[in-house]
Amino acid sequence: QRIMKNITRNLIITAACMALPAQLMAKEWTLKACIDYALQNNITLQKSRLNQLAAKEDIKESQAALLPSLSLATSQNVSYNPWPETNSYVVAGNRVETSVDKAYYNGGYSLSANWTVWNGNRNHNQVKLNKFAEKQADFAVASNINTLTEQITQLFVQILYSNEAIKVNQESLATSAKNEERGKEMLAVGKMSKADLAQLTAQRAQDEYAIVQAESNLKEYKRQLKQLLQLTNGEAFDVVVPETTDDMALELIPNVSSVYEQALTTRPEIKNAELSIQSSELNIKLAKSLRMPTIAMSAGISTNTSTMNKNGWDKQMKNNFVIGGGFNISIPLLDNRQAKTAISKAEIQRQTNMLDLKDKQTALYSTIENYWLQANNNQSMFKSARISTESAKESYALLSEQFRLGLKNIIELMTGKDNLLKAEQNELQSKYLAILNINMLKYYQNGMTVFLF
């Protein structure tokens, strides 16, 4: 009987879960799950990976250009001349026919090969340039991964903070509701005026509004995170709230200089900028090769047939079979300043790329310094906020008791409650921001995907 009861209970629970709307059964995402999913589904990242594939194709094309080209061609022509001139001649393929039919058919067949033997080493340098482009595409993917990871981490922490902020505001609302109920009791016995009760009611309504606003902020952060994950279904979305400790916010903060020096050797945007300088040097060589001669070789075989020839097609194919070959040398003399302009532009681009590298180094240092400043500021604020919160709690507890005894007025009570709420919010915000910025410094220092929780 007990077994049957358990089975019945399990069936009821299962049926109840199945009856729940899909919107209520939210999948909870960890930070790692968010990052892993985004790395597979984010459209911007997928586009950069397609650029990788395109770069590989460019390499194969430039490598194939080092080899001879081979082409097969045929031409089939039918002609009709209703009034041919007597004793005239007509060219059929590479033969002159003495008899001209009113309607005749010509066919030509050829196989040809061309090979650029030397063009100032331009073709070999193009292969090198395309290999640089492939590496740059790789660095672009890595850079997008870093950016995406940072954005997701920041939004995830904002969601965690917003969740905690809602709880703080809910606790504040519960206190406001108790004060309002106490005020109604005091009004009933003549110990409080209607004006004072109205202030308590207004504070309760203000706390309700704060909860709505905090929930709205939470929904917006979740919407932004879903956008990065490319989630377009209507399923409810929530994150796993990990355990956070005060020690996480009080960790030793890495030094700016050491983080920057490490980041210079690992960050893909810096590697990409350095590679751009090398690519521009190759472009200078490519431009200079426009002034050099080009040597090319060609070879081919051909034959043709005609209906005006009395021989059969097999004999015509044999008689008209031709093998040829040769080479071509092209020496540029006057090119309307094309080579000089190309060289000048390539040198200008190299200087631009050097400035881009310096700019990215400066931006990297500024980003790291900002994380360091924020980590130090929020860590210091968190230390102070903890003390302020404890003090505000003790102060408000004393104010509440004194208010109950009629020793404090409504203004003092509300001020104490506001101070407590502000202290709790400051502690919460500085704690999460300190954790975020400390770990972002580690991320830049180690050059690895970071999971805070």
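Filtering the stretch 405-416 to residues that are more than 17 Å from THR201 (Cα to Cα) and out of contact with any Leu (no Cβ under 6 Å at 6 or more places or on another chain) leaves LEU405, GLY406, LEU407. Checking every residue in the stretch 343-357 against the condition of being in a helix (DSSP H, G or I), under 30 Å from ALA287 (Cβ atoms) and basic (Lys, Arg) gives at least one match. The single residue among SER88, SER62 that is at pLDDT below 95 and either under 30 Å from GLY326 (Cβ atoms) or surrounded by 11 or more Cβ atoms within 10 Å (Cβ to Cβ) (or both) turns out to be SER88. Counting only residues that are surrounded by fewer than 18 Cβ atoms within 10 Å (Cβ to Cβ) and in contact with a strand residue (DSSP E or B) (Cβ under 6 Å, 6 or more places away or on another chain), the stretch 120-161 holds 0 of them.
Where helices (runs of 4 or more DSSP H) fall wholly inside the stretch 233-321, the ranges with 1 or more residues that are in contact (Cβ under 8 Å) with a residue 60 or more places away in the chain and of a type in the set (Ser, Thr, Tyr) are 256-266, 268-288.
In the stretch 237-258, the qualifying residues are those that are among the hydrophobic types (A, V, I, L, M, F, W, C) and farther than 25 Å from LEU45 by Cβ, and the one that is modelled with the lowest pLDDT is VAL241.
To keep it simple, each residue is scored yes or no on (1) at pLDDT 95 or above; (2) farther than 29 Å from GLN154 by Cβ; (3) of a type in the set (D, E, K, R); (4) surrounded by fewer than 19 Cβ atoms within 10 Å (Cβ to Cβ).
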position: LYS358; (1), (2), (3), (4): yes, no, yes, yes
position: TYR365; (1), (2), (3), (4): yes, no, no, yes
position: GLU369; (1), (2), (3), (4): yes, no, yes, yes
position: ASN376; (1), (2), (3), (4): yes, no, no, yes
position: LEU398; (1), (2), (3), (4): no, yes, no, yes
position: LEU407; (1), (2), (3), (4): no, yes, no, yes
position: ASN419; (1), (2), (3), (4): no, yes, no, yes
position: PHE451; (1), (2), (3), (4): no, no, no, yes
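Do we find that ALA198 is more than 27 Å from ASN41 (Cβ to Cβ) and of a type in the set (A, V, I, L, M) in this structure? Judged against the criteria, ALA198 is a match. For the stretch 325-338, filtering for residues that are touching a Pro at 6+ places or on another chain (Cβ under 7 Å) and either open to solvent by 100 Å² or more (accessible area, probe 1.4 Å) or small (Gly, Ala, Ser) (or both) leaves 2.
Quick one: is SER216 under 29 Å from ALA423 (Cβ atoms), in a helix (DSSP H, G or I), open to solvent by less than 30 Å² (accessible area, probe 1.4 Å) and among the hydroxyl-bearing types (Ser, Thr, Tyr)? For SER216, the condition - under 29 Å from ALA423 (Cβ atoms), in a helix (DSSP H, G or I), open to solvent by less than 30 Å² (accessible area, probe 1.4 Å) and among the hydroxyl-bearing types (Ser, Thr, Tyr) - is not met. Evaluate the stretch 220-228: report whether one residue or more is in a helix (DSSP H, G or I), of a type in the set (A, V, I, L, M, F, W, C), open to solvent by 70 Å² or more (accessible area, probe 1.4 Å) and over 14 Å from TYR161 (Cβ atoms). No - not one qualifying residue is present in the stretch 220-228.
Do you know which residues across the stretch 339-351 are closer than 30 Å to ARG267 by Cβ and surrounded by 13 or more Cβ atoms within 10 Å (Cβ to Cβ)? Scanning the stretch 339-351 gives LYS345, ALA346, GLU347, GLN349, ARG350. Take the conditions (1) surrounded by 10 or more Cβ atoms within 10 Å (Cβ to Cβ); (2) modelled with pLDDT under 50; (3) of a type outside the set (Lys, Arg); THR44 misses just one of them, which is (2). Checked against the criterion of being surrounded by fewer than 18 Cβ atoms within 10 Å (Cβ to Cβ), at pLDDT 95 or above and farther than 15 Å from GLN63 by Cβ, the stretch 94-109 contains not a single residue that satisfies it.
The residues of the stretch 162-205 that are among the charged types (D, E, K, R), surrounded by 16 or more Cβ atoms within 10 Å (Cβ to Cβ) and under 23 Å from GLU215 (Cα atoms), listed by number, are GLU164, ARG204.
The values are calculated or read from the model by the stated rules, or taken from the named source; none is laboratory data. Worth saying up front: this structure is predicted, and the values here are computed from it rather than measured. Reconstructed Cβ throughout: ideal geometry from the backbone, glycine too, with neighbour counts over all protein chains shown. The accessibility values were calculated without ligands, DNA or RNA, using every heavy atom of the protein model including side chains. Shrake-Rupley method; radii C 1.70, N 1.55, O 1.52, S 1.80 Å.
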